[in-house]
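FYI, it's all coordinate maths here, none of it is from the lab. Please read these numbers as outputs of a predicted model, since none were measured by experiment. Cβ placement follows ideal geometry from the backbone for every residue including glycine, while neighbour counts extend to all protein chains displayed.
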Amino acid sequence: MNTAKLMYRAYVARVITTVLELQLRDEHIMQLQKTPFWLMIEAIRVHKLDPEGYKKCDATVCRIIQTYSPNDEKFHIGGSGLP
């Protein structure tokens with residue numbers, strides 16, 4: 001079992017609130033689509049993620065982070081590799 005501790009600071013509820021408050025222009029969206037976080041950002045933009053459901057979820061964030069593979073630069077979730 002991997003006992004390494006992950007050090008991170010992730011406030012998912014705050015990220016959701018911030019994305020919803022931003023006035024993203026097409027130029028911003030084009031750049032964000034190139035990041036590994038685009039699927040989450042897009043889900044926020046179309047209101048599929050509610051900030052109230054993501055208050056203090058450290059265990060979930062750790063599980064997601066641990067699925068990342070630097071070999072192929074993807075998160076492996078649900079049998080799929082997500083960039």
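Annotation: amide H of Ile77 within the under-5 Å range of Leu82, sequence separation 5 or more or interchain, hydrogens built in the peptide plane. Applying 0.36 nm per residue to the separation of Arg25 and Val46 and subtracting their alpha-carbon distance, the gain on full extension is 6.0 nm.
What FRET efficiency, computed as 1/(1 + (r/R0)^6) with R0 = 25 Å and r the Cβ-Cβ distance, is obtained for Arg14 and Cys62, rounded to the nearest 0.05? It comes out at approximately 0.90.
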